[in-house]
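These notes are about the structure you will find just below.
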Amino acid sequence: MPRTVVVTGAESGIGAACAAAFGAEGDTVAVLYFEDADAAAATVRAVEKAGGTGLAVQCDVADQNSVDTAFAQIEIRWGTASVLVNSAGLNMRGVPVRDMAADQWDKLVATDLTGAFLTSRRFLTGRGKAPGDASIVHISSIHAFAVREGGADYCAAKGGLANLVRTLAIEEAPRGIRVNAIAPGMILTPMNARAQDDAAYRARLEANIPLGRAGEASEVAGLAVFLASDKARYITGAQMVIDGGLSLIQATGA
Ligand SMILES: NC(=O)c1ccc[n+]([C@@H]2O[C@H](COP(=O)([O-])OP(=O)(O)OC[C@H]3O[C@@H](n4cnc5c(N)ncnc54)[C@H](O)[C@@H]3O)[C@@H](O)[C@H]2O)c1
């Protein structure tokens, strides 16, 4: 039975890979995109090539009305969604707190943390009294627990997301709704554009990764499909790290 799967940030990177991976499961995938309708159309084509059904829907996850409108469109077309994958996010910009504009902080937290709250809440209210067997997967980061200078906005937002996920997990467990996070390390997506374009830079970063390479968006997508599947039926409130061992070496070297 195809599920209705909502993927945010699905016009790019990990979100696009997740949409295609759920398409390969035969699911109906709402491809939520922020600004790039052409890229969203390409993701819809990838979903359909993989064997699913896709629909592009514009959504700014930081805006409550936009989230409500997007979910209403999906529900009219396909009924209640049973999986939410929230991949929409902005990256850190290497600005220390003492130099960080409040606008930068607000925009990042609105996208990476409040966006997770707004999409989760609308997904849950949209389910109403529907039976359980539903699941939310948030794409977090190893920077939820391994901080990096110049990334206070991002690290704080992803750290907050970890506790949003854990709180939601105990709130929704009685209804059979599981809530988990994925914490990727270095994944080759447009968020890491420099690593994709500059081989020497990429090799320097990859030298710090125990498995010796950056990850692929499809590898994160495989984990999202697993977490949303019946095989993960006893997993909730987890933060699954997928980083080639990068976060294990935090204390090495000093
Ligand atoms: N690439 C990595 O190395 C990496 C590592 C750890 C975590 N992550 C996380 O993975 C998620 C996906 O990142 P990615 O690597 O695919 O990057 P990406 O830049 O390719 O994708 C991010 C997506 O978020 C969308 N987005 C930005 N602001 C939005 C908004 N207000 N509303 C809706 N969508 C919005 C963008 O349009 C884009 O489609 C992010 O949450 C990111 O923090 C990525």
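How many of the residues making up the range 122-145 are within 24 Å of Ile242 (Cβ to Cβ) and out of contact with any Lys or Arg (no Cβ under 7 Å at 6 or more places or on another chain)?
Qualifying residue count, the range 122-145: 7.
Select, from Pro174, Pro190, Pro210, Pro184, the only residue that is open to solvent by 60 Å² or more (accessible area, probe 1.4 Å) and within 11 Å of the ligand (Cβ to nearest atom). Give the steps one after another, and end with the answer.
Working: Pro174 fails: within 11 Å of the ligand (Cβ to nearest atom); Pro210 fails: within 11 Å of the ligand (Cβ to nearest atom); Pro184 fails: open to solvent by 60 Å² or more (accessible area, probe 1.4 Å).
Result of the check over Pro174, Pro190, Pro210, Pro184: Pro190.
Please count how many residues of the range 51-61 are closer than 20 Å to Met1 by Cα and not in a loop (DSSP other than H, G, I, E, B). Please lay out each step first, then the result.
Start the filter on the range 51-61 by keeping residues that are closer than 20 Å to Met1 by Cα, which leaves 51-55.
Subsequent filtering for residues that are not in a loop (DSSP other than H, G, I, E, B) retains 53-55.
Residues meeting the conditions: 3.
Test of understanding: among Glu11, Glu35, Glu48, which residue is assigned to a helix (DSSP H, G or I) and either in contact with a strand residue (DSSP E or B) (Cβ under 6 Å, 6 or more places away or on another chain) or free of Cβ contacts under 8 Å to residues at least 40 places away in the same chain (or both)? Let's see the steps before the verdict.
Values: Glu11 fails: assigned to a helix (DSSP H, G or I); Glu35 fails: assigned to a helix (DSSP H, G or I).
After applying the criteria, what remains is Glu48.
Identify the single condition in (1) polar (S, T, N, Q); (2) touching a helix residue (DSSP H, G or I) at 6+ places or on another chain (Cβ under 7 Å); (3) away from the ligand (no atom under 11 Å from the Cβ) that Asn163 does not satisfy, given that it satisfies every other one.
(2)
Quick check: is even one residue across the range 178-186 part of a loop (DSSP other than H, G, I, E, B) and not aliphatic (A, V, I, L, M)?
Applying the first criterion (part of a loop (DSSP other than H, G, I, E, B)) to the range 178-186 yields 185-186.
Now drop any that are not not aliphatic (A, V, I, L, M), which leaves 185.
Yes, the conditions are met somewhere in the range 178-186.
Could you grab me the full set of residues in the range 148-171 that are within 14 Å of Val137 (Cα to Cα) and charged (D, E, K, R)? It would help to see each step written out before you state the result.
Residues of the range 148-171 within 14 Å of Val137 (Cα to Cα): 158, 161-169.
Hits for the range 148-171 are Lys158, Arg166.
If only one of Leu223, Leu227, Leu168, Leu246 is over 13 Å from the mean Cα position of the chain (by Cα), farther than 26 Å from Arg93 by Cβ and in contact (Cβ under 8 Å) with a residue 40 or more places away in the chain, which one is it?
Values: Leu223 fails: over 13 Å from the mean Cα position of the chain (by Cα); Leu227 fails: over 13 Å from the mean Cα position of the chain (by Cα); Leu246 fails: farther than 26 Å from Arg93 by Cβ.
Unique residue meeting the criteria: Leu168.
Which one of Gly244, Gly160 is open to solvent by less than 70 Å² (accessible area, probe 1.4 Å) and part of a loop (DSSP other than H, G, I, E, B)? Don't jump to the end; show me each part of the working.
Values: Gly160 fails: part of a loop (DSSP other than H, G, I, E, B).
Result: Gly244 is the single residue among Gly244, Gly160 that is open to solvent by less than 70 Å² (accessible area, probe 1.4 Å) and part of a loop (DSSP other than H, G, I, E, B).
Limited to the range 40-96, what total is found for residues that are aromatic (Phe, Trp, Tyr) and surrounded by fewer than 16 Cβ atoms within 10 Å (Cβ to Cβ)? Full working, then the answer.
So the first thing to find is which residues in the range 40-96 are aromatic (Phe, Trp, Tyr), and the list is 71, 78.
Keeping just the survivors that are surrounded by fewer than 16 Cβ atoms within 10 Å (Cβ to Cβ) gives none.
Qualifying residue count for the region: 0.
Kindly indicate the residue of the range 45-62 that is of a type in the set (D, E, K, R) and touching a helix residue (DSSP H, G or I) at 6+ places or on another chain (Cβ under 8 Å) and also nearest to Thr111 (Cα to Cα) among those meeting that condition.
First pass over the range 45-62, keeping only residues of a type in the set (D, E, K, R): 45, 48-49, 60.
Narrowing the set further to residues that are touching a helix residue (DSSP H, G or I) at 6+ places or on another chain (Cβ under 8 Å) leaves 48-49, 60.
Details: Glu48: 28, Lys49: 30, Asp60: 8 Å.
Per the criteria, the residue is Asp60.
All but one of (1) of a type outside the set (D, E, K, R); (2) under 20 Å from Gly126 (Cβ atoms); (3) near the ligand (Cβ under 9 Å from one of its atoms) hold for Ala40; which doesn't?
(2)
The values are calculated or read from the model by the stated rules, or taken from the named source; none is laboratory data. Fair warning: this is a prediction, and the values are worked out from it, not measured in the lab. All Cβ positions, even for glycine, are placed from backbone atoms using ideal geometry, and neighbour counts span all protein chains on display. We work out accessible area using only protein heavy atoms, side chains counted, and drop any ligands, DNA or RNA first. Shrake-Rupley method; radii C 1.70, N 1.55, O 1.52, S 1.80 Å.
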